[in-house]
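Everything below concerns the one structure shown next.
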Amino acid sequence: MKRMKMADWLWGIVVFIGAASLSAAGSAGAAGGVSDATEACIGCHAMVTPGIVADWKKSRHAGVTFDEALKKPGLERRVSAAEAPQGIGETTVGCAECHTANADSHKDSFEHNGYSVHVVVTPRDCAGCHPVEVDEYGRNLMANAYTNLKGNGVFQTLMDSANAVQTFDGAAAHLGAVDPLTEADSCLYCHGTEVVVKEIRARETAMGEMAFPVLTGWPNAGVGRINPDGSAGSCSACHMRHGFSIAVARKPATCSECHKGPDVPAYKVYSVSRHGNLYTSLKDKWDFDAVPWAVGKDFTAPTCAACHASLVVTEEGEVLVKRTHQMNDRSGWRLFGVVYAHAHPKSADTTVIRNKAGLPLPTELTGEPAAEYLIDAGEQQARRATMQGLCLTCHSRQWVDGHYQKIDKAVETTNAMTLAATQVLLKAWETGAAKGLAQNDSIFNEAIEKMWVEEWLFFANSTRFASAMGGADYGVFAEGRWYLSKNLQQMVDWLHFLMAAKDS
Amino acid sequence: MKRMKMADWLWGIVVFIGAASLSAAGSAGAAGGVSDATEACIGCHAMVTPGIVADWKKSRHAGVTFDEALKKPGLERRVSAAEAPQGIGETTVGCAECHTANADSHKDSFEHNGYSVHVVVTPRDCAGCHPVEVDEYGRNLMANAYTNLKGNGVFQTLMDSANAVQTFDGAAAHLGAVDPLTEADSCLYCHGTEVVVKEIRARETAMGEMAFPVLTGWPNAGVGRINPDGSAGSCSACHMRHGFSIAVARKPATCSECHKGPDVPAYKVYSVSRHGNLYTSLKDKWDFDAVPWAVGKDFTAPTCAACHASLVVTEEGEVLVKRTHQMNDRSGWRLFGVVYAHAHPKSADTTVIRNKAGLPLPTELTGEPAAEYLIDAGEQQARRATMQGLCLTCHSRQWVDGHYQKIDKAVETTNAMTLAATQVLLKAWETGAAKGLAQNDSIFNEAIEKMWVEEWLFFANSTRFASAMGGADYGVFAEGRWYLSKNLQQMVDWLHFLMAAKDS
Amino acid sequence: MKRMKMADWLWGIVVFIGAASLSAAGSAGAAGGVSDATEACIGCHAMVTPGIVADWKKSRHAGVTFDEALKKPGLERRVSAAEAPQGIGETTVGCAECHTANADSHKDSFEHNGYSVHVVVTPRDCAGCHPVEVDEYGRNLMANAYTNLKGNGVFQTLMDSANAVQTFDGAAAHLGAVDPLTEADSCLYCHGTEVVVKEIRARETAMGEMAFPVLTGWPNAGVGRINPDGSAGSCSACHMRHGFSIAVARKPATCSECHKGPDVPAYKVYSVSRHGNLYTSLKDKWDFDAVPWAVGKDFTAPTCAACHASLVVTEEGEVLVKRTHQMNDRSGWRLFGVVYAHAHPKSADTTVIRNKAGLPLPTELTGEPAAEYLIDAGEQQARRATMQGLCLTCHSRQWVDGHYQKIDKAVETTNAMTLAATQVLLKAWETGAAKGLAQNDSIFNEAIEKMWVEEWLFFANSTRFASAMGGADYGVFAEGRWYLSKNLQQMVDWLHFLMAAKDS
């Protein structure tokens, strides 16, 4: 068979190409070079998936051993484990070090050329060298992004309202069932899928017949992905494969992958903010690889990471803010994705929340917070103070206070506008112009309901983001106060049109 | 006359400036230097249009002769002619080599300082050195972009509905005639105009009185421009004047010039995709000039060109995909610009298509494909396999299969949503709430018709793009599934409002 | 008290850090080094606001004295004063040179460690070294951006319609009062606030208790900011603190901070124009610091600044356009922010304008220009000729003429579409479907009025921008002709829906 012949031929030349690849990787400065297991991987994969190997060869993982990484002084250290995970330490971090780690707990492990390999590398695997970061990330709303969405009946209904195929019966359009492929291609791209092993199946490859696990919910690199080892999250959402570069994670384009749409326009707001403009104009002169990251020296205006995640120091090495992967521990307000802005939830798993109406929502429909589930004013203030420690590097106390006054006012006024829109919706339900909770109908499927969703999910959110990040241009006409106001007026008219059409 | 004096003075110093310019161009490494004819051009134009000359001097054209270019080994060669066009070979490619080529077939040729010069350089002119690329481009839908639009009665009506000035008579707004300048400034900017020579007219210049052709449809660099030599297209749409750089053509900004709006948001989707984010973060370290283009070495994530046009090889020089200027020969589905997604048309000239209803459309109004005019499933699969050959460089077989399953599902569900919207529109026509084909009225001029257009031209397209390119953020809330769903519900309500208003 | 101890400790080490900072600044090449006063500032602020000091240390201000700057030959000179302002000349331009300038005229001056310091540096302060630029800027509409908005009753009403919190009474939504913090966070972010000194108040700092002025309208860097010294404007709107780099001002990201939204999408249009695409693809090879700025050599496609502000020369040093900070002296048409496009106003203070109806608007509601307040056709032509002098560097006369024909047509057709939309609105007022001037009601608060605003403020503007800057993709489907047409049709239907709802 022709295919098998090619396979034989390919096996015959892997030694040469593998050796060439390893030599290149070795020259990146590794003390110990790659492990035998990784050498075996590269033997074939330099040819089968050359892009992956080439990308990895340029990475820090390919050039440094754990033991070397551990020798770096305090703030410069990029690993947080006190000692190397079993079997790692004197070799660089290659294919096998991650794809064979914790093999027993991985339902996606399979026998592959003598190794027990798994496809999906998880935060639990990364924790071997980076346990502190993984632990912090567990307290991040993002790590719970799958559960907080799919495990919340209200938000599942919102998802369905966007993802379901509809049919028109001559008078109304009705939602059908939602296909899992559509969910995976839509909301769950960012929130994460549940990756499930269906079976192990053999198929032809360039190397002959081989067996692989068949996965559903794959491919996916969403931040709250449920992994075959039971863990949640995907470090490669931001530290992209197979370079895993800190520089990439620090650049706003990375965050933009899930924070650009009108529901969460952080990137768009940043890109019209002064910080964003300085980044765009000056980034070529900045050092995105330095650890720790020195403001003034390595960069002169913050990126997303600088404010929300990075360890930032002065030129003299004084710590301004500590590194965090919790992300919301420098912010008092939860600004987006919810009907009303409110204090951050205590638990990153928000499915535990119940408001007075018994719904899994952090506020009532009137905006009143479900206070027992939310951080208190003291904790809000403490988180704000952490962020301000960074602001004050380049801004005076008065400047910073004036800025935060405007944020608080934006929270107040956008919540008030959301309340007015909610009252229009309640009137629509009350008059029978639309069907809501009382009629046991989805609260997201009809046009006027979708206009209500936009009032908070798009326009109130955007206005708050624009205020918080100083991107006023976005918060006025782009998706902010102009539409917050126009959409409300249109909702009122639409309500009257619905009532008139019902009567006619 | 003062002007003539200045002209005399200018003629007097051209020798000096021309010489300086040529010396700079020569130093770019040309074996043979510029031709006598080009030297004459530069003599004046270094002063009259210094920006053009400066741009060209930095180009490969200014530094290499055809004969040198031909000596490059196979994959590195940038010319595809077996031998130099008449008169070219030992000199670099300057003004005269293009602007006097094929002078006889150019209706825009005019006598200019002893040379027969034409303004509009065409694919036929470029074919002297690059015949394979020009031939491939002839099979590209883009080369037919003028004809496929202006030669299709349905699309001409859609154009008019956007471009016509309207007047309000107190009850309704009516479309007036469309000015050719408006069309050229609107749809035809990208699709291309028809460039017609009206006359040759003399006017004053800095060099004294000179005669030039007067052109309509000019300036324009649209991809399907109808040229004064009868050819179609404009190579400089992507290989921009006067650097004609392959690096520029490989960068997404170039494609964005016509692929960014909501009707064809490829650039916006790319910019929130993982590929786009890696490009943005890492492009400074990539080599956009290398031919062939080695994945992993020259770049580590694809740009538009990598997937749809470029010759891509492995670090070891193995060909992953061959160069193409047909563009759609790596894609099975035609995703945008049409009511329903469908298999690509066999002929790049789509005006030959007739559906069962006799309209020049590739599907019925119900979505059923006009199959005899479209490629079959086998050809779809073959084109897909070509693209996947590139995907597999960095992704596993399972990864790629999972990705394509989602694309196919997106095609299916967006076509279903378009069908529902179409049924709402048919109901509007049937009930007299709007006027359509049966009333011999434009199907694009009324508000509810325009809502229907957005259902497919904006939201279904965008959802499919987001799926195909992994830019989910755009396909959910930006212009994707959320609006696909909301717009349909609004259409249903609008239909009822129209009926109520009619009754009242 | 712990805080005071820290203060003592801090005062103790400022000498060391200050000295280190100054040495770094000195090494940037200053002949005279920093002044004693600036040395005192840096002593503390290198520690208190290290980001500011680090940013400034990289600036030209930190490395050059006025006297050195004055020695540069003509076109290369970056200062326009004939001699140094009092006390400046032999030292570099540091903290004190700006923050203590003109102390007497600054209401925000306060005693600070022995110096009379002010927080808000104003154009009048910058005029010490840059008087010509400040003078030109005074003739810029932007310098009057606060007054032209807040001092015009019509525009104040438009602002309120977007910024006011609304309440729903069960039938209609009503506008409440607007909070000054909201205005500052919205329109006035770009237009500028009025910065007012409320009091001088003491508070604890890291250095012990100190007194500072308490300002309202702060922070703000809007282009028309009313400053505590009575001047208008903020140079740091574009020349951002504390680098004040000409390179930053020349990059489009800077302009995008206030010119990106749908009301003034200049940046978005640029980014899909050929110029913008060349900028994006090639900017890494351009020199944004060179003065004067040589087309072809320093850059090969214009940025915003090149066309509207910069001194641009040929490679040989011939002046193509002179530097200007008036901005509109190269443009004949005023394209945006107004109901109809019209010739630019004679006075940068547009509050002096009165149309025939007595309103402070440059046209009637029908589009007829308030001609006596506007530049005449001759001046329009002269401004256009200035711009074209730059176009002609890279484009032929015929190319340029063809381009401008399309602009003039776009002005004509978008004004006609605005007129049609205005007639629909007048009909709504006439029939009582909406309440307007005759009912003494805001003309911007109801849904149909907001649709009318979008017709001109978003869609007509965008179409004109797209035409003027060659960004057709934005002017067709993004926010241009498609919506200009669709919005009008929706207004007509909405009018009928309103009438039907009223009747029902």
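For peptide B:414-421, how many partner chain Cβ atoms fall within 10 Å of a residue's Cβ, on average?
Numbers: counts 2, 1, 4, 5, 0, 4, 7, 3.
Mean shielding count: 3.
Per DSSP H run of n ≥ 4, the term is -39500 (n - 2.57); total these for the protein assembly as shown, divide by its residue number, and report the mean residue ellipticity at 222 nm rounded to 500 deg cm²/dmol. Write out the running numbers ahead of the final one.
Details: 63 runs with 653 residues, N = 1512.
Dividing the helical sum by the residues of the protein assembly as shown leaves -13000 deg cm²/dmol.
Enumerate the whole-percent occupancy of each 10 Å bin, from 0 to the last occupied one, for all C-alpha pair distances of the stretch A:271-389.
13, 35, 26, 18, 7, 0
What does the charge add up to near residue C:74, with Lys and Arg as +1, Asp and Glu as -1, over the other residues with Cβ less than 14 Å from its Cβ? Walk me through the numbers before you get to the answer.
Numbers: positive: C:71, C:72, C:77, C:78, C:322, C:323; negative: C:76, C:318.
Value of the local net charge: +4.
Using modelled amide H (1.01 Å from N, peptide plane; none on Pro or chain starts), what sits under 5 Å from the amide H of residue B:215, excluding residues fewer than 5 places away?
B:198
Packing-wise, with mean Cβ within 10 Å as the measure, how do B:339-348, C:49-58, C:105-114 rank, highest first?
Working: B:339-348: 20.8, C:49-58: 24.0, C:105-114: 17.0.
So the peptides B:339-348, C:49-58, C:105-114, ranked by packing, come out C:49-58, B:339-348, C:105-114.
Compute the convex hull volume of the Cα atoms of the stretch A:243-503, divide it by the residue count, and report the result per residue in Å³ as a whole number. Spell out each step's value before the answer.
Numbers: hull volume 34.9 nm³, N = 261.
Spread over its residues, the Cα hull of the stretch A:243-503 gives 134 Å³ apiece.
Counting partner chain Cβ atoms within 10 Å of every residue's Cβ in C:399-408, what's the average?
Across C:399-408, the average partner-chain Cβ count within 10 Å equals 4.
Taking the Cα atoms only, what angle lies between the long axis of helix B:481-503 and the longest principal axis of chain B, rounded to 10 degrees?
With rounding to tens, the tilt is 60 degrees.
Taking only the C-alpha atoms, wrap a convex hull around the protein assembly as shown and report its volume per residue in Å³ as a whole number. Intermediate values should be presented prior to the final figure.
Details: hull volume 279.0 nm³, N = 1512.
Hull volume normalised by residue count: 185 Å³.
Going by C-beta contacts inside 10 Å, put C:361, A:437, A:278, B:426 in order with the fewest on the left. Provide the component values of the computation, followed by the final result.
Values: C:361 22, A:437 13, A:278 25, B:426 18.
With the sparsest Cβ surroundings first, the list reads A:437, B:426, C:361, A:278.
Below 8 Å, C-alpha to C-alpha, sequence gap of six or more: please give me the relative contact order for chain C in percent.
On the way: 830 pairs, mean separation 59.2, N = 504.
The normalised contact order for chain C reaches 12 percent.
Give the Debye-formula value of log10 I(q)/I(0) at each listed q (0.11, 0.12, 0.13 Å⁻¹), with one equal scatterer per alpha carbon of chain A, two decimals each.
-1.03, -1.17, -1.30
Give me the inter-chain shielding for C:257-265: mean count of other chain Cβ atoms within 10 Å, whole number please.
Working: counts 11, 4, 2, 8, 11, 6, 5, 2, 2.
Whole-number average of other-chain Cβ neighbours for C:257-265 is 6.
Once amide H atoms are placed 1.01 Å from N in the peptide plane, what residues at a sequence separation of 5 or more from residue A:342, or on another chain, have their amide H within under 5 Å of its amide H?
A:334
Check cross-link reach from residue C:283 to the aspartates and glutamates: straight Cα distance under 18 Å, and skip same-chain residues fewer than eight apart.
Qualifying aspartates and glutamates at Cα under 18 Å: A:284, B:55, B:257, B:284, B:287, B:289, C:298, C:315.
Give me a comma-separated list of calculated 3J(HN,Hα) values for the stretch A:109-116, in order, Karplus coefficients 6.51, -1.76, 1.60 applied at θ = phi - 60°, integers in Hz, x for any Gly or Pro.
With coefficients 6.51, -1.76 and 1.60, one gets 5, 8, 6, 9, 6, x, 10, 8 Hz.
Using a ≥ b ≥ c from the Cα gyration tensor of the stretch B:120-244 (square roots of the eigenvalues), is it rounded, prolate or oblate, where a/c under 1.5 gives rounded and otherwise the larger of a/b and b/c decides, a/b for prolate? Kindly include the intermediate steps, with their values, before the conclusion.
Numbers: a/c = 2.83, a/b = 1.35, b/c = 2.09.
Here the stretch B:120-244 falls in the oblate category.
With a 10 Å radius around each residue's Cβ, average the other Cβ atoms per peptide and rank A:317-323, A:393-399, B:182-188, A:257-263, highest first. Mind showing how you got there, number by number?
On the way: A:317-323: 16.3, A:393-399: 19.3, B:182-188: 25.4, A:257-263: 23.4.
Ranking the peptides A:317-323, A:393-399, B:182-188, A:257-263 by packing returns B:182-188, A:257-263, A:393-399, A:317-323.
Give me C:126, B:307 ranked fewest to most by other Cβ atoms within 10 Å of their Cβ, as a rough exposure proxy.
Working: C:126 22, B:307 19.
Listed from fewest to most nearby Cβ atoms, that is B:307, C:126.
Mind pulling up the Rg/Rh value for the stretch A:380-463? Radius of gyration and Kirkwood radius, both on Cα. Before the final figure, lay out the partial values.
Numbers: Rg = 18.6 Å, Rh = 15.3 Å.
Taking Rh as the inverse mean 1/r over Cα pairs, Rg/Rh reads 1.22.
For residue B:389, what charge total do you get from the other residues with a beta carbon under 15 Å from its beta carbon, if Lys and Arg give +1 and Asp and Glu give -1?
On the way: positive: B:322, B:323, B:330, B:383, B:384, B:397; negative: B:318, B:329, B:401.
With Lys, Arg at +1 and Asp, Glu at -1, the net is +3.
For residue A:278, what charge total do you get from the other residues with a beta carbon under 13 Å from its beta carbon, if Lys and Arg give +1 and Asp and Glu give -1? Write out the running numbers ahead of the final one.
On the way: positive: A:274, A:283, A:285, C:58, C:241, C:251; negative: A:284, C:55, C:257.
Neighbour charge sum, excluding residue A:278 itself: +3.
Where a number appears in this text, it was derived from the coordinates with a stated rule and is not lab data. Note that the structure is a prediction, hence the values are computed from the model and not measured. Cβ: placed from backbone, ideal geometry, glycine included. Neighbour counts: every protein chain shown.
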